[in-house]
């Protein structure tokens, strides 16, 4: 009788879940709260929406981890689908940053009369690319090597190397974010400082947000690794985080070269 309930294929048919609809409503509350904050400077609805969204994300991701680690639903065939999904997600992120680079180069290569026909605009004092930006570049390049060290350690079943590499990467990500926050604090221009400030802060700010998300992603991987979740032949959760981190590294190299060096 039990044989009739056995799965006769390698695919995972997702169980009914409340989290997709729950996170949709949470995101709606978050968006309404953001608009309400912009008009009234009141934070309460924004914080409620953020808390609901984070809670739903945590519960949904928890269910996915249970599927992969305890139920055995993430077969090799399913993992191929997950890899395609992560690849398409990173491609969409690439196009997201292409939009900001497009806006930046459109304004810098063809500066109009409104900003004086020069780039950067005369009233903008640009940041020194060989100070904090260079330090942050070295930090991110180093973090790319530590996450690769962690990945190779996992493939060799070296748990200590995996944990040390992940921990160092998380620390380097936090240092990068701290330096960028300081850079924003000491900058002489703001988001409202015309097209230069808008394109600079939107491009580098969204990258900083991605670094923060990637740091959280890798921190979760660290705690999952401590719990013994990853195996040399079954670790797509960590692999996806490593892909994301390398994507963040590459985007920063383009930002550093185009906005900080060439743009100054």
Return yes or no: is residue 152 more than 30 Å from residue 111 (Cβ to Cβ) and either in contact with a helix residue (DSSP H, G or I) (Cβ under 7 Å, 6 or more places away or on another chain) or outside the structural domain of residue 253 (by TED's automatic domain parsing) (or both)?
no
Please give the helices (runs of 4 or more DSSP H) falling wholly within segment 1-115 in which 2 or more residues are crowded, with 16+ Cβ neighbours inside 10 Å and outside the structural domain of residue 230 (by TED's automatic domain parsing).
19-40, 44-69
Looking only at residues that are assigned to a loop (DSSP other than H, G, I, E, B) and touching a helix residue (DSSP H, G or I) at 6+ places or on another chain (Cβ under 8 Å) in segment 127-148, which one is nearest to residue 193 (Cα to Cα)?
127
If the requirement is being farther than 17 Å from residue 96 by Cβ and part of a helix (DSSP H, G or I), which of these qualifies: 198, 225?
225
Checking the structure you have, find out if any residue of segment 182-190 is surrounded by fewer than 15 Cβ atoms within 10 Å (Cβ to Cβ) and closer than 23 Å to residue 230 by Cα.
no
Only residues that are surrounded by 18 or more Cβ atoms within 10 Å (Cβ to Cβ) and either under 20 Å from the mean Cα position of the chain (by Cα) or under 11 Å from residue 203 (Cα atoms) (or both): list them for segment 250-263, please.
251, 252, 255, 256, 259
Complete set of residues in segment 230-242 that are in contact with a helix residue (DSSP H, G or I) (Cβ under 6 Å, 6 or more places away or on another chain) and either assigned to a helix (DSSP H, G or I) or under 22 Å from residue 177 (Cα atoms) (or both):
236, 238, 240, 241, 242
What is the number of the single condition among (1) touching a residue at least 40 places away in the same chain (Cβ under 8 Å); (2) under 22 Å from residue 229 (Cβ atoms); (3) assigned to a helix (DSSP H, G or I) that residue 174 does not meet?
(2)
With the requirement that a residue be touching a residue at least 24 places away in the same chain (Cβ under 8 Å) and surrounded by fewer than 19 Cβ atoms within 10 Å (Cβ to Cβ), what does segment 152-171 give you?
155, 156, 157, 159, 163, 167, 168
Please go through (1) part of a loop (DSSP other than H, G, I, E, B); (2) without any contact (Cβ under 8 Å) to a residue 60 or more places away in the chain for residue 214 and return the number of the only condition it doesn't satisfy.
(1)
Looking at (1) farther than 20 Å from residue 237 by Cα; (2) without any contact (Cβ under 8 Å) to a residue 12 or more places away in the chain, find the lone condition where residue 52 falls short.
(2)
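The values are calculated or read from the model by the stated rules, or taken from the named source; none is laboratory data. The structure presented is a predicted model; accordingly, all values stated were derived computationally and were not measured. Glycine gets a Cβ as well: all are built from the backbone with ideal geometry, and neighbour counts include every protein chain shown.
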